[in-house]
Amino acid sequence: MPRLIAASLLLACSTGLWAQTTVAPSATTSTGSDLLTPSARAAYEFMLARRDQILAEVDGQPGHVDQALEEYRRAMHGDPDSAYLGDQMAALLFRNGRTGDAIRLAQSVVREHPQSIGAHELLGRLYLRLLGNNNDNNTQMLNLALKEYQTLVTLDGKSVENHLILGRLYRVAGQPQKAESEFRASLKVNPNSDEAVSNLVYLYAEQGSLSEARKLVESIPANARTAGMYASLGFAYEHQRQFGEAAKAYQQAVGLEPDNSDYRRGWAQTLLSDGQLAPALQQFKTIVQQEPDDAHSILQIAQIQQRMGLFTDAERSLQQASQLLPNNIEIAYRFAELYEAEGKNEQAAQQLRGVLQKTERANGKYSAAESDSRGALLEQLGLIERRAGNYPAALSAFEEEAKLGGDNQARGLMQQSETWQQQHDYKHALEVATAAVQQLPKNIGLRLTYATLLGDNGQTDESLRQIRTLLTGDTRDRQIYLLMGQIDVRARRWQAADQNARKAEALAANDKEKAEAEFLLGSCQERQKNYAAAEAHFRQALRMDPGDAMVLNYLGYMLAEQGVRLPEALGYVQQAVQRESNNGAYLDSLGWVYFKMDRLPEAMQNLLRAASLKQDDPVVMDHLAEVYLRSGKLRQAEDSWKHALQDWQHSAAADYDPVEVAKVQKKLDALRVRLARAGDAAKP
């Protein structure tokens, strides 16, 4: 009823206004509209059209729409030079699903009124709407929209909005220089335009030009800078994985608008990505205070508490989230992660099995969304079982995942292959990968898995030949060159590895991608014992991507191996572990740094945890043996070195290092001599 009353009042006021300003009392009666002049009649028909249009919105009767369209036609007949009438009628057609009629009418208005800004704006808006809704004709709609907005900025160069829209269209069209020109034009009209600055910052972020983005924001007078400008700068740094700088920018945005939860979320998330767990936790708690029903932020709190080892608090947070979102699959997934982090592997597996059983359909048919959720649960279950050494259970979960089809099929097959690989059954792993490629020959991930396994089995030339067939001659080749370089490093083909890394770097679109190539160059130099060159590459990678855990770990481990700058090495590895607390390789590095610093309890704690996560890693077992030896636990050291030698014998051909094997054997032999002497001395 309130909408109907409002519509009636609007009609009464509009009709009264038309009667007062358009029609003389002596010129018409209630049934004498034929006595009106053409322009007055057009105004009268327009008023009737507006009335029926409002009634259609109120009661949803299609008859009112048809009546309104007929009245618009009569109005246009009375005033054929009015672009406004055509605009209104075309808009009504579009709102009622008659897109083709709306476009044709708007185009005819533009042809008849080529200088009408309103006509071009309507047609441009129609193209924009179709650009967002019609995937089949997106390119055509994009070009048509570009044409209209190019005309609009020519007709009216003072419109900030039209310059911005044209800039965004150029950005979508892959013409960044023209996009920048339009955003700059909007800034000339309004030097402090929040939207213009934000759009330029986003554009620079895509191009990796963070210095330009910062300069732009700093060029705005301090008292004119808005929270939106700082937030866009935060997004730019976040896009390039410079999370520390991103967090500072978001913090400035929150300082200007403390109640804006979106800006605070950006701040909290970038703090978390930067490994600043305690500050991130505080910001997420503030968000929940502002919005108690924000289950997503509560889940983030639980994740941080888990990473900080506050398992009881994490479980309490997950319970809070589950009250807001009962039966939510993601929360069940998080519970399983928490149990696994606590070392409760069976409880984690039971949690996932319970959810899978509850959501199972008797006919085995699932929607696309249900398949994705079920596939994620099965994959997590398989990974938990595999990390616990329950390989048959892991394979069963991955097989179920593959049966779901789509992306799940490829992921399930890849995980099956990797599970056989972790059992050191490389022949079976390769057989699974070969069959998978035959089933899904167009799946790039499976083909790369197959090619990598060939390299693991010592067939380096064939592995590289297979990968080269995937080169396309465009920027997608960057990842291919990186993979080829990694295979070259494992095969000790240093020159080829260097060349592939530099080819990948040449195709990099931003600092993050360049950092990946620098990391490969650094690892290539480290494997050759060229430590100074390796460190230079690692430091360059960190300048480009300061939060990369893999680089932080490698640099810290390399310093520890040399026994130099150990406090610095510890800082790097601790940052890596903060980002990935369950990464066995990073925990091994952390334990090794502590060993080098003669902090044996911390070394033992981290290496035991690493060994539980990487049960068949000979390097971890070698490190653990060294800690046992220095701690005086000789028998445990002996067992660990024997374990390391067994692991070396089962390792992939590409990973087998005879020099390292000889070192371990020599240490074991020396320990056995020592044990034998100790035994003789103990005899009466």
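The values are calculated or read from the model by the stated rules, or taken from the named source; none is laboratory data. Everything numeric in this text was worked out from a predicted model, so none of it was measured. No Cβ is skipped: glycine too gets one built from the backbone with ideal geometry, and neighbour counts run over all protein chains shown.
Would you be able to say whether some residue in the range 136-150 is assigned to a loop (DSSP other than H, G, I, E, B), at pLDDT below 70 and within 29 Å of the chain's Cα centre (by Cα)?
Yes, the range 136-150 contains at least one residue that is assigned to a loop (DSSP other than H, G, I, E, B), at pLDDT below 70 and within 29 Å of the chain's Cα centre (by Cα).
In the condition set (1) outside the structural domain of LEU645 (by TED's automatic domain parsing); (2) in a helix (DSSP H, G or I), GLN615 is compliant with all but (2).
Residues checked against (1) within 23 Å of GLU161 (Cα to Cα); (2) assigned to a loop (DSSP other than H, G, I, E, B); (3) modelled with pLDDT under 90:
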site: SER198; (1), (2), (3): yes, no, yes
site: TYR202; (1), (2), (3): yes, no, yes
site: ALA205; (1), (2), (3): yes, no, yes
site: SER211; (1), (2), (3): no, no, yes
site: TYR230; (1), (2), (3): yes, no, no
site: GLY234; (1), (2), (3): no, no, no
site: ALA249; (1), (2), (3): no, no, no
site: ALA253; (1), (2), (3): no, no, no
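The residue of the range 335-376 that is surrounded by the most Cβ atoms within 10 Å (Cβ to Cβ), among those that are polar (S, T, N, Q) and assigned to a helix (DSSP H, G or I), is GLN351.
Would you say ALA536 is more than 27 Å from GLN276 (Cα to Cα), at pLDDT 95 or above, of a type outside the set (Val, Ile, Thr) and surrounded by fewer than 21 Cβ atoms within 10 Å (Cβ to Cβ)?
Working: more than 27 Å from GLN276 (Cα to Cα): no; at pLDDT 95 or above: yes; of a type outside the set (Val, Ile, Thr): yes; surrounded by fewer than 21 Cβ atoms within 10 Å (Cβ to Cβ): yes.
No.
Residues in the range 180-218 that are out of contact with any Pro (no Cβ under 9 Å at 6 or more places or on another chain) and of a type in the set (S, T, N, Q) were compared, and the one that is farthest from LEU256 (Cα to Cα) is SER181. Among the residues of the range 476-503, write down those that are under 17 Å from LEU448 (Cβ atoms) and either in a loop (DSSP other than H, G, I, E, B) or without any contact (Cβ under 8 Å) to a residue 12 or more places away in the chain (or both). Selection gives ARG476, ALA491. Set side by side, the residues ALA119, ALA185, ALA179 differ, and just one is in contact with a Lys or Arg (Cβ under 8 Å, 6 or more places away or on another chain) and in contact (Cβ under 8 Å) with a residue 24 or more places away in the chain, which is ALA179. For the range 518-540, a residue qualifies if it is part of a helix (DSSP H, G or I), over 16 Å from GLY485 (Cα atoms) and not aromatic (Phe, Trp, Tyr), and the qualifying residues are ALA532, ALA533, GLU535, ALA536, ARG539, GLN540.
Among the residues making up the range 542-558, those that are surrounded by fewer than 21 Cβ atoms within 10 Å (Cβ to Cβ) and out of contact with any Phe, Trp or Tyr (no Cβ under 8 Å at 6 or more places or on another chain) are LEU542, ARG543. Of the residues making up the range 571-611, those that are within 28 Å of the chain's Cα centre (by Cα) and aromatic (Phe, Trp, Tyr) are TYR572, TYR586. When LYS158 is tested against the conditions (1) farther than 27 Å from LEU256 by Cβ; (2) in contact with a Phe, Trp or Tyr (Cβ under 9 Å, 6 or more places away or on another chain), the lone failure is (2). The single condition among (1) touching a Gly at 6+ places or on another chain (Cβ under 9 Å); (2) under 26 Å from GLU291 (Cα atoms) that GLY228 does not meet is (1). Each residue in the range 143-180 was checked for being exposed (fewer than 15 other Cβ atoms within 10 Å of the Cβ), among the polar types (S, T, N, Q) and under 24 Å from ILE220 (Cα atoms), and 1 pass. Among residues that are outside the structural domain of GLU418 (by TED's automatic domain parsing), among the charged types (D, E, K, R), surrounded by fewer than 19 Cβ atoms within 10 Å (Cβ to Cβ) and under 24 Å from ASP669 (Cβ atoms), ARG635 is included. Here ARG241 fulfils each of the conditions (1) in a loop (DSSP other than H, G, I, E, B); (2) surrounded by 24 or more Cβ atoms within 10 Å (Cβ to Cβ) apart from (2).
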